[in-house]
Every structure is written in C-alpha cells, then in structure tokens.
Amino acid sequence: MSFVEKNAVKTYQPNDVIFREGDEGNSMFIIQDGEMEVTKVIDNRPVQLAILKDGAIFGEMSLVDGRQRSATITAKKTTHCIEINKRLFEERLEEVPPWMRAFYGILVDRLRQADSTQNTLSKGDQGKQIVYLLYYLLSHRDPDKFNRFQITWKETAETIAFLTNISQVYVDKVMNKLTLTRLAKSGINYEDGRQFITENIVTFQSFAQFCREQYFSRIGKAVSPEFEEQSRRELILLKFIADRLAEQGSANDLNLTYFEECLQRELKEKSVDFEVELRRLQRTGILTIKLDQKMDKFYEVNRELLEIRLGRGKRLDEFKKIAESLS
C-alpha cells in the first residue's frame with residue numbers, strides 16, 4: 001500500500017454523510033470497497049442520482065474548480081475510501097502540462113453545465129414525458145382478447161426512470177394519477193403482478209400527442225392545428241349553437257333575429273360580443289350566412305363540423321386538466 005493510501009484511507013459506516021450538496025469542496029475520494037449513494041434535492045425532496053461502487057471517484061469537480069458540492073454523498077454500507085486533499089491534488093497537478101490543466105478545467109465546467117441542465121424540465125414537462133413513453137411502451141404490445149393494452153407496472157416505472165433520469169417515485173405517482181382518469185386503470189396479472197392498462201389506445205395516443213405538442217408550444221415551436229387551444233368563449237358559443245339546434249330537431253338553420261334573441265336571453269350578450277368567434281366559425285365552414293325566401297338572414301350550420309369542433313374542444317379541455325394534474 002502506498003504512502004497516500006496508508007495515510008488517507010477513511011472508513012464510513014452506513015448512513016454516514018461524506019459531504020452535502022452546497023458544502024465547500026476540499027478533497028476528492030476513491031472508493032476501495034463499499035457503496036455510496038449520490039442524491040440531489042429537486043423540488044424540495046432528495047432524488048437518488050446514482051450508486052457508486054468499488055473504484056468510483058467522487059468529489060473531483062469541486063477540487064478542480066473550487067465550487068460548492070453539486071450533490072450529497074451518503075454511505076450505503078461500510079465503505080473504505082482514499083481521500084485526496086486539495087494540497088496533494090495541486091502538487092500532483094503541477095506535474096501535468098499547462099494545456100492538460102486547462103483541459104481539466106474545461107471538462108469540469110462542461111460537466112457542471114450538464115449537471116445544472118439535466119433537471120430543467122418542470123414537473124409538468126416530466127409528467128408529459130412519462131405519458132409519451134407510456135404510450136410508446138403500450139403501443140408496442142399486442143392487445144388482449146378484450147382489446148386492452150397493458151404493461152407490467154414495476155418494470156415500466158423502472159424503465160422510464162432509467163431512460164429519463166426522473167425518479168421512479170415520481171414515475172409511479174404519474175401512473176397512479178392516470179388511473180384516476182378514463183385514460184387508464186390498474187389491474188393484477190397473477191403471473192406478472194400489477195399492470196398499467198388502457199382500454200382505448202387511440203384516446204391514450206391522442207393524449208400523448210397532446211402532451212408532446214404542449215411541450216413544443218412552451219419552448220416556442222408551432223403546434224399542429226389538431227391541438228391548437230380553443231378559447232373559452234368559442235367553446236361557450238359552440239355549445240350555445242348546439243343547444244339551439246337540439247331544440248329544433250333536424251333543422252340546420254338558425255334565423256339571425258332568433259339567434260340574437262337567444263344569445264341575449266341565455267348568455268346575456270350580443271352577437272357583436274362574439275364577433276371574433278363567429279368569424280372563425282364562418283371561416284371553418286361551421287356557419288354560413290344565407291338568405292331565406294323572405295330575404296331574412298339566417299345561419300346554415302354544418303352539424304358534422306360543429307360536432308367535430310365541439311368534441312375537439314371538450315377533449316382538449318379534458319386533456320389540459322389531466323396534464324395539469326400530473327404536475
């Protein structure tokens with residue numbers, strides 16, 4: 001055993017904290033044997049980032065750049081480490097060519113940048129990411145005899161946590177929240193244990209695409225027309241028109257005078273207050289202004305387009321509420 005090893009070996013017992021996130025860094029460590037847990041506080045709770053084993057090095061970034069520790073290190077079991085302090089490290093660094101020292105500095109700076117950006121996704125964005133991966137995993141399974149798609153819960157949560165660097169606890173939380181909606185449910189398979197199930201893969205796919213588009217919208221990318229958000233006033237007007245048609249049976253026309261009277265009576269507003277929404281509905285072909293034999297104006301309503309747009313609005317409204325609940 002070298003002089004350094006003889007004089008710098010440290011022994012840590014289970015749950016001993018070697019250093020905490022935010023501490024000043026004056027040494028680095030090499031694990032001889034044992035295990036260390038790396039955790040970082042994210043959204044006010046500790047999240048496990050890694051388990052370090054024999055031969056692993058930790059604490060080196062603070063030793064190079066002098067900045068605070070970026071994570072907390074805790075012994076998982078009895079662990080022996082070689083501690084290299086700043087004085088010894090700098091002595092050895094003097095033996096390295098200047099260009100190599102500069103290279104070390106650049107490398108550590110880039111590692112710091114990667115460390116600071118790996119968790120920039122908000123909880124809402126992480127939830128959307130989980131949903132999209134759930135759909136991907138579900139879609140690669142064959143449906144059962146009831147046309148349901150299902151995946152093993154524990155294995156799925158572990159896989160998504162591994163792929164995204166999101167804690168498994170949070171992945172599990174999102175999956176549980178989804179089972180409280182019509183999109184998914186939980187079941188038991190006596191061979192594979194708990195299952196995550198969707199009975200309507202098309203609706204789940206639509207929600208996954210909605211989540212993807214919402215994320216792209218937040219970072220400034222264009223949203224596909226299918227997922228463009230409808231205004232609350234447009235949805236109110238669409239429902240108002242649908243209700244008026246329902247009162248008329250199979251007729252597709254709405255006299256403008258009658259339309260105005262109902263609008264004022266039901267919504268306490270006038271057509272001019274919905275000018276923007278009415279123009280949009282005319283552009284999309286839902287409403288067309290025509291004249292009857294008495295030369296009175298009326299709206300001819302395309303029921304099919306009305307139902308599609310109203311259904312789309314209701315679906316997006318539901319999706320938005322579900323997505324918000326995943327935060």
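Taken together, the values in this text are just the output of simple stated rules run on the coordinates, not laboratory data. Computed from a predicted structure; not experimentally measured. As a convention, Cβ positions derive from the backbone with ideal geometry for all residues, glycine included, and neighbour counts pool all protein chains shown.
Rounded to whole Hz and in sequence order, give me ³J(HN,Hα) for segment 294-300 from the Karplus expression 6.51 cos²θ - 1.76 cosθ + 1.60, θ = phi - 60°, writing x for Gly and Pro.
8, 6, 8, 7, 8, 8, 8
For a quick check, take a GNM of the chain with Cα springs below 10 Å and name the residue from D172, D243, D125 with the largest mean-square fluctuation.
D243
If you keep only loop residues by DSSP, which GluC sites (Glu not before Pro) in segment 198-265 have at most 12 other Cβ atoms within 10 Å of their Cβ?
Of the GluC sites (Glu not before Pro), the ones in loops of segment 198-265 whose Cβ has at most 12 other Cβ atoms within 10 Å are E228.
Could you work out [θ]222 nm for the chain from helices alone, using -39500 (n - 2.57) per DSSP H run of at least four and dividing by all its residues? Round to the nearest 500 deg cm²/dmol.
Rounded to the nearest 500, the figure is -15500 deg cm²/dmol.
Using 21 Å as the Cα-Cα cut-off, could you pick out the over-long pairs in K76/K154; K128/K173; K268/K314; K270/K294?
Values: K76/K154 23 Å; K128/K173 13 Å; K268/K314 23 Å; K270/K294 24 Å.
In this structure, K76/K154; K268/K314; K270/K294 lie more than 21 Å apart at Cα.
Using the Karplus equation 6.51 cos²θ - 1.76 cosθ + 1.60 (θ = phi - 60°), what ³J(HN,Hα) coupling, rounded to whole Hz, does each residue of segment 189-205 give in order, writing x for Gly and Pro?
Whole-Hz 3J(HN,Hα) from phi for segment 189-205: 10, 5, 8, 10, x, 5, 10, 9, 10, 10, 9, 9, 5, 5, 5, 5, 4.
Using 0.36 nm per residue, how much length does the chain from N302 to T284 gain when fully extended, once their Cα-Cα distance is taken away?
5.5 nm
At most 15 other Cβ atoms within 10 Å plus a DSSP loop assignment makes a site exposed; report the longest stretch of the chain without any exposed chymotrypsin sites (Phe, Trp or Tyr not before Pro).
Longest run free of exposed loop sites: 1-145.
Go through segment 225-327 and name the trypsin sites (Lys or Arg not before Pro) that are in a DSSP coil and have 12 or fewer other Cβ atoms within 10 Å of their Cβ.
K268, K270, K294
Taking R0 as 51 Å, what's the FRET efficiency between N15 and A246 from their Cβ-Cβ distance, rounded to 0.05?
Efficiency computed from Cβ-Cβ geometry: 0.15.
Give the long-range amide H neighbours of D23: residues separated by 5 or more places, or on another chain, with amide H under 5 Å away, using H modelled in the peptide plane at 1.01 Å from N.
R69
Mind checking the alpha-carbon convex hull of segment 126-222 and giving the volume per residue in Å³? Intermediate results must be reported in sequence, preceding the final value.
Working: hull volume 9.6 nm³, N = 97.
Value for segment 126-222: 99 Å³ per residue.
Just going by the charge dipole of the chain, with Lys and Arg at +1 and Asp and Glu at -1 on Cβ, which of P143, I31, S250 is farthest out on the positive end?
Of P143, I31, S250, it is S250.
With no solvent and one point on each alpha carbon, what is the Debye value of log10 I(q)/I(0) for the chain at q = 0.10, 0.14, 0.15 Å⁻¹?
The computed values of log10 I(q)/I(0) come out as -0.80, -1.11, -1.17.
Under 8 Å for C-alpha pairs, at least 6 residues apart: give me the relative contact order for segment 169-327, rounded to a whole percent.
Normalised by residue count, the contact order of segment 169-327 is 20 percent.
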